[in-house]
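Asks: Provided herewith is a single structure, encoded as structure tokens, for subsequent inquiry.
The values are calculated or read from the model by the stated rules, or taken from the named source; none is laboratory data. All values derive from a computational prediction rather than experimental measurement. Neighbour counts are summed over all protein chains in view; Cβ atoms, including those assigned to glycine, are modelled from backbone coordinates with ideal geometry. All accessible areas refer to the heavy atoms of the entire protein, side chains included, with ligands and DNA or RNA removed. Shrake-Rupley method; radii C 1.70, N 1.55, O 1.52, S 1.80 Å.
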Amino acid sequence: MEIFRKVADMQAFAKKTVREGKKIALVPTMGFLHEGHLSLIDRACAEADVVIVSIFVNPTQFGPTEDLDKYPRDFQRDKDLCEVHGASAIFAPEPEEMYASDRSIWVDEEKLSKKLCGKSRPIHFRGVCTVVSKLFNICLPDVAIFGQKDAQQALIIKRMVRDLNFPVEIIVSPLIREASGLALSSRNKYLTDEQKNDALSLSRSLNMAKELISQKGLCACDEAVKMMRDEITKCHGEIDYVECLDSNTLEAPVENTTEILIAVAVKFGTTRLIDNVLLGV
Ligand code: AMP
């Protein structure tokens, strides 16, 4: 497995791979890999000849008061896991390698980015779209794998690829959970045992909401949201949002909605967690 720290070296490898007629899959991550990330790498290996995992804690997607500096990192462990799971290369640049100090171009999605996480993280998706565009230009993937864990991110990346004509297929891979129901996240490392237990209210209440709406239909969305808010608050969660939206538009469900996204963002202590479920209606 190759490890690239420099953009030029990564790009040269990608260009050579393309010239050889091989298919490239990219798995963008911020590292501190867990089974969720590894499921994306496994999917990438099934899709392509050459799998590139990027490991980059992207500063431009963190707000000034967010956890950029304390975001967990363990490159040696990540490297071993990538190797075991069959990745061909890791791209792990330093921020200075990715961003010129006088950079002045951004990729900004203007509609979906305003919903859900965008309300409390106003610059987040601009950072995500910009770094993913850069990774596409550097790694030249035919296909890129994203997780359903970050449902809004996956939707925005698909929109970006459509609107800017990136020649990249986007695959969204299922959300992986612990046996307890807790969605795997690098940020789970911040949780105390007690907070981890409280955080089970997310998957528990999402399942309750899914059950309620599948029984009563879309008219039960408000009731489901209220029930979730009660359940999460009872477990000391500080709610950022709990919403039932059309999964394609992130607008309130309408008559021709075919699938809803029930999504939550909640703080336990200082740790902000997100989770979601999809439900066909
Ligand atoms: P991150 O390192 O948190 O930026 O995540 C990198 C990629 O892994 C994103 O596409 C995430 O959606 C995906 N991912 C993170 N957690 C999970 C999970 N529990 N299940 C599936 N995919 C995940």
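Asks: Nearest 5 percent is fine: what portion of the DSSP beta bridges confined to the chain is antiparallel?
Replies: Approximately 50 percent, going by the DSSP bridge assignments.
Asks: Taking a ≥ b ≥ c as the square roots of the eigenvalues of the Cα gyration tensor of the stretch 75-127, is the shape rounded (a/c under 1.5), prolate (a/b larger than b/c) or oblate?
Replies: Oblate, because a/c is 1.5 or more while a/b does not exceed b/c.
Asks: Please work out the Cα convex hull volume for the stretch 151-281 and give it in Å³ per residue. Can you show the working numbers first?
Replies: Numbers: hull volume 15.5 nm³, N = 131.
Taking the convex hull of the Cα positions in the stretch 151-281, it is 118 Å³ per residue.
Asks: For the peptides 86-96, 103-113, 150-160, what is the packing order when you average, over each peptide's residues, the other Cβ atoms within 10 Å and list the highest mean first?
Replies: Final packing ranking: 150-160, 86-96, 103-113.
Asks: A further question follows. Averaged per residue, what accessible area in Å² does the stretch 109-255 show with a 1.4 Å probe, protein chains only?
Replies: 48 Å²
Asks: Mind counting lysine pairs for me in the stretch 180-268? Cα separation below 21 Å, and the two need to be 8 or more apart along the chain or on different chains.
Replies: 9
Asks: To the nearest Å, what is the center-to-center distance of the stretch 57-89 and the stretch 120-177, using C-alpha atoms only?
Replies: 17 Å
Asks: With a ≥ b ≥ c the root eigenvalues of the C-alpha gyration tensor of the stretch 2-173, is it rounded (a/c under 1.5), prolate (a/b larger than b/c) or oblate? Don't skip to the answer; put the middle values down first.
Replies: Working: a/c = 1.40, a/b = 1.30, b/c = 1.08.
Judged from the Cα gyration tensor, the stretch 2-173 comes out rounded (a/c under 1.5).
Asks: Let me ask another. Between Val254, Val50, Val132, find the one with the highest GNM mean-square fluctuation for the chain; connect C-alpha pairs within less than 10 Å.
Replies: Val254
Asks: Still on this structure: What number comes out for accessible area per residue over the stretch 1-84 if the probe is 1.4 Å? Units Å², please.
Replies: Value for the stretch 1-84: 49 Å² per residue.
Asks: Just to be sure I understand the model, the point goes 7 Å from the Cα along the line to the Cβ. What's the resulting Ala100 to Met227 distance in nm?
Replies: So the two model labels end up 5.5 nm from each other.
Asks: Quick one: Debye curve from the alpha-carbon atoms of the stretch 1-102 only, equal weights, vacuum; give me log10 I(q)/I(0) at q = 0.16, 0.25 Å⁻¹ to two decimals.
Replies: -0.71, -1.38
Asks: Considering the options Leu206, Ile262, Ile52, tell which one lies farthest towards the positive end of the dipole of the chain, charges being +1 on Lys and Arg and -1 on Asp and Glu at the Cβ, about the Cα centre.
Replies: Ile52
Asks: Within the set of other residues whose C-beta is less than 11 Å from the C-beta of Leu140, count the net charge using Lys and Arg as +1 and Asp and Glu as -1.
Replies: The answer is +4.
Asks: How much of the accessible area of the stretch 29-155, probe 1.4 Å, is carbon plus sulfur, in whole percent? Each step should come with its number before you reach the end.
Replies: Numbers: 2690 of 5460 Å².
The computed percentage sits at 49.
Asks: Just to confirm a number: summing +1 for Lys and Arg and -1 for Asp and Glu over residues other than Asp163 whose beta-carbon lies under 12 angstrom from that of Asp163, what do you get?
Replies: +1
Asks: Of His124, His236, His37, which is the most mobile in a GNM of the chain whose springs link Cα atoms less than 10 angstrom apart?
Replies: His236
Asks: Apply the membrane-span-like helix rule to the chain: whole DSSP H runs, Cα extent along the own long axis of at least 30 Å, mean Kyte-Doolittle hydropathy at least 1.6. List the helices found. Spell out each step's value before the answer.
Replies: Working: long enough: 193-216 (35 Å, -0.93).
TM-like helix candidates: nothing returned.
Asks: Quickly estimate the mean residue ellipticity at 222 nm for the chain, helices only: each DSSP H run with n ≥ 4 gives -39500 (n - 2.57), and the total goes over all residues, rounded to 500.
Replies: -12500 deg cm²/dmol, from helical runs alone.
Asks: What net charge do the residues around Ser214 carry, taking every other residue with its C-beta under 14 Å from that of Ser214, with Lys and Arg at +1 and Asp and Glu at -1?
Replies: Residues close to Ser214 contribute a combined charge of -1.
Asks: Turning to a different aspect of this structure: Pop the C-beta distance of Lys119 and Glu35 into the FRET formula with R0 = 22 Å and round what comes out to the nearest 0.05.
Replies: E between Lys119 and Glu35, to the nearest 0.05, is 0.15.
Asks: Just how much of Val18 is accessible, in Å², when a 1.4 Å probe is used and the result is rounded to the nearest 10?
Replies: Here the accessible area works out near 70 Å².
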